[in-house]
Amino acid sequence: MSTLENVIWHVLGYGAMPVIILGGFSVVALASIWILSKTSDK
């Protein structure tokens, strides 16, 4: 059971890593675009 749980946690971890990286990158990109649009409007 512990081996199965270790496999499940490894799969979840490796599956969540790209999602977290892409999610964080998209949030930073959207925030920078929004800030640039706000500053350029002035």
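The values are calculated or read from the model by the stated rules, or taken from the named source; none is laboratory data. Bear in mind the structure is a predicted one, so any value in this text is a computation, not a measurement. With ligands, DNA and RNA removed, areas are computed over all heavy atoms of the protein, side chains included. Shrake-Rupley method; radii C 1.70, N 1.55, O 1.52, S 1.80 Å.
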Q.
Compute the angle between helix 2-41 and the longest alpha-carbon principal axis of the chain, please, reported from 0 to 90 degrees and rounded to the nearest 10.
A. 0 degrees
Q: Provide the gained length on full extension for the span Ser26 to Ser40, in nm with one decimal, where the gain is 0.36 nm per separating residue minus the Cα-Cα distance.
A: 3.0 nm
Q: Counting helices only, and only those DSSP H runs with n ≥ 4, report the 222 nm mean residue ellipticity of the chain as the sum of -39,500 (n - 2.57) divided by its residues, in deg cm²/dmol to the nearest 500.
A: -35000 deg cm²/dmol
(Q) What percent of all Cα-Cα pairs in the chain falls into each 5 Å bin, going from 0 up to the bin containing the maximum distance? (A) 5, 21, 13, 13, 10, 10, 8, 7, 5, 4, 2, 1, 0
Q. Share of the chain's accessible area from carbon and sulfur, percent, 1.4 Å?
A. 78 percent
Q | Per residue value of the accessible surface for the chain (all protein chains in place, 1.4 Å probe), Å² | A | 93 Å²
